[in-house]
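Asks: Next up is a structure, given as structure tokens.
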Amino acid sequence: MQPSPPPLLGESPAFHAVLAHVSRVASLERPLLVIGERGTGKELVAARLHYLSRRWDRPFVKVNCAALTESLLDSELFGHEAGAFTGAIRRQIGRVEQADSGTLFLDEIATASPAVQEKLLRAVEYGEIERVGGRTQIVDVRVIGATNADLPALAETGQFRADLLDRLAFDVVTLPPLRARREDIPVLAEHFALGMVRELERSLFPGFTPRALEQLLDHGWPGNVRELRNAVERSVAASDPDGPVEEILLDPFASAWRPIAPAVSAPSPAGEEEPPLPTGDFQEQVRRFESGLLETALERNRFNQRQTAQALGLGYHQLRGLLKKHGLIGKPE
């Protein structure tokens with residue numbers, strides 16, 4: 001039974017244009033490039049290209065080029081023979097060879113070194129690879145590269161091989177950023193919210209308030225779909241299970257307190273004294289500071305106690321206890 005292509009959700013014209021492009025080029029036995037900003041779903045599109053191709057029942061092998069040093073990436077892609085170098089105690093089959101008759105997805109391909117690019121060129125152009133310390137072998141691999149870099153500009157400056165770019169760019173699938181497909185934001189947000197509700201084992205998802213939907217549509221989403229997913233799941237987890245999501249928690253660091261690096265003060269000029277330290281009842285100063293911290297956090301979170309607790313890194317009942325201690329429990333939520 002043929003596996004289903006990974007789901008790609010959206011209703012906007014820009015999104016449907018990408019789906020049509022993917023369907024058109026998936027069956028072609030040629031290398032491809034998938035270009036898009038971070039978080040736009042390049043790996044999902046590469047998987048869809050594989051599962052809609054004639055290679056659907058063969059291996060789909062993924063490598064993140066940015067996660068490995070040059071030597072490790074070389075060994076990971078092309079493998080090595082036992083004894084090829086110190087520590088090579090057994091033969092390792094490289095990812096290119098593992099993808100034989102299937103598809104090799106190279107994420108962040110722009111970060112590959114010139115030496116690795118040269119070997120990739122031979123694999124793409126002639127189907128030839130060599131394990132370190134081994135002989136030339138023939139493989140049949142369709143290569144799909146992905147990046148958010150400007151590869152033509154890198155090729156012009158010699159940072160990416162122009163001949164490899166020519167071979168990979170038989171066709172280029174360009175993914176639009178989320179800000180260019182605003183119609184898809186509510187659809188994706190609801191999809192991610194429903195997934196989080198199931199994970200939390202809640203009985204239903206009451207939806208988003210108009211204010212929360214406005215936040216979703218007004219935000220620029222520099223991290224695209226990945227950022228949207230994180231924000232929606234975070235907001236659902238922090239919301240009242242019995243009511244709609246009232247606010248989208250866009251910034252997980254937006255708390256009332258953040259650690260501040262100690263300032264390095266300049267030495268006092270000769271003859272000048274250091275300013276005196278505050279004096280008085282230590283416990284009273286701590287109480288005033290704690291009370292002020294709580295009041296500030298409440299105001300910033302519009303007196304929503306659950307969001308305030310999350311912003312301060314406290315449990316809900318911990319926060320309630322502190323509010324009672326400082327006489328703040330009467331503040332409206």
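Asks: Quick one: accessible area per residue over the chain, 1.4 Å probe, rounded to a whole number of Å²?
Replies: 57
Asks: How would you classify region 33-87 from its alpha-carbon gyration tensor, with a ≥ b ≥ c the square roots of the eigenvalues: rounded for a/c under 1.5, else prolate if a/b is greater than b/c, otherwise oblate?
Replies: Since a/c reaches 1.5 but b/c is at least a/b, the shape of region 33-87 is classed as oblate.
Asks: Can you list the aspartates and glutamates whose alpha carbon is less than 13 Å from that of LYS42, not counting same-chain residues fewer than 8 positions off?
Replies: The reachable aspartates and glutamates, counting only those whose Cα sits under 13 Å from LYS42, are ASP107, GLU108.
Asks: What residues have an amide H closer than 5 Å to that of LEU328, excluding those fewer than 5 places away on the same chain, when H is modeled at 1.01 Å from N in the peptide plane?
Replies: Amide H neighbours of LEU328, under 5 Å, 5+ apart: none.
Asks: Could you pull the accessible area for VAL63 with a 1.4 Å probe, rounded to 10 Å²?
Replies: Per-residue accessible area (VAL63): approximately 10 Å².
Asks: DSSP loop trypsin sites (Lys or Arg not before Pro) in region 158-196 with at most 16 other Cβ atoms within 10 Å of their Cβ, which ones?
Replies: Listed in order of number, the matching sites are ARG182.
Asks: Ok, one more. Could you please report the charge total around TYR126, scoring K, R as +1 and D, E as -1 over all other residues with beta-carbon less than 14 angstrom from its beta-carbon?
Replies: That works out to -3.
Asks: Can you tell me, using C-alpha contacts under 8 Å and at least 6 residues apart, the relative contact order of the chain as a whole percent?
Replies: 17
Asks: Taking amide hydrogens as modeled 1.01 Å from N in the peptide plane, which residues meet the under 5 Å criterion relative to PHE208, leaving out close sequence neighbours?
Replies: VAL245
Asks: Now for a separate question. Considering only protein heavy atoms and a 1.4 Å probe, what is the carbon-and-sulfur percentage of the accessible area of the chain?
Replies: 53
Asks: Counting other Cβ atoms within 10 Å of each Cβ, which trypsin sites (Lys or Arg not before Pro) in region 75-160 have at most 16 and sit in a DSSP loop?
Replies: Sparse-neighbourhood loop trypsin sites (Lys or Arg not before Pro): ARG90, ARG91, ARG135.
Asks: If you don't mind, another one. With the chain treated as a Gaussian network of Cα nodes joined by springs under 10 Å, which of GLN307, GLN283, GLN159 yields the largest mean-square fluctuation?
Replies: Result: GLN283 has the largest fluctuation of those listed.
Asks: Right, another one. At 7 Å along Cα-to-Cβ for each site, give me the label-to-label distance between ARG302 and VAL187 in nm.
Replies: Computed distance between label sites ARG302 and VAL187 equals 2.8 nm.
Asks: Determine ³J(HN,Hα), in whole Hz, for all residues of region 298-309 in sequence, where each value follows from phi through the Karplus function 6.51 cos²θ - 1.76 cosθ + 1.60 and θ = phi - 60°; x replaces Gly and Pro.
Replies: 4, 5, 5, 9, 6, 6, 7, 5, 5, 5, 4, 4
Asks: LYS62's amide H: which non-local residues (gap 5+, or another chain) put their own amide H closer than 5 Å, with H modeled 1.01 Å from N in plane and none for Pro or chain starts?
Replies: Close amide H contacts, sequence-distant or interchain: PHE105.
Asks: Next question, about the same structure. Hey, what number do you get for the chain at 222 nm if only DSSP H runs of n ≥ 4 count, each worth -39500 (n - 2.57), divided across all residues, to the nearest 500?
Replies: About -12500 deg cm²/dmol.
Asks: Tell me whether region 87-238 comes out rounded, prolate or oblate; compute the Cα gyration tensor, take square roots of the eigenvalues as a ≥ b ≥ c, and use a/c under 1.5 as the rounded threshold.
Replies: The shape class here is prolate.
Asks: Find, among the trypsin sites (Lys or Arg not before Pro) in region 1-67, those assigned to loop by DSSP (not H, G, I, E, B) with at most 15 other beta-carbon atoms within 10 angstrom.
Replies: ARG38, ARG54
The values are calculated or read from the model by the stated rules, or taken from the named source; none is laboratory data. Given the structure is predicted, the values throughout are model-derived calculations rather than measurements. Backbone-built Cβ (ideal geometry, glycine too); neighbour counts: all protein chains shown. Accessible surface areas use protein heavy atoms only, side chains included; no ligands, DNA or RNA. Shrake-Rupley method; radii C 1.70, N 1.55, O 1.52, S 1.80 Å.
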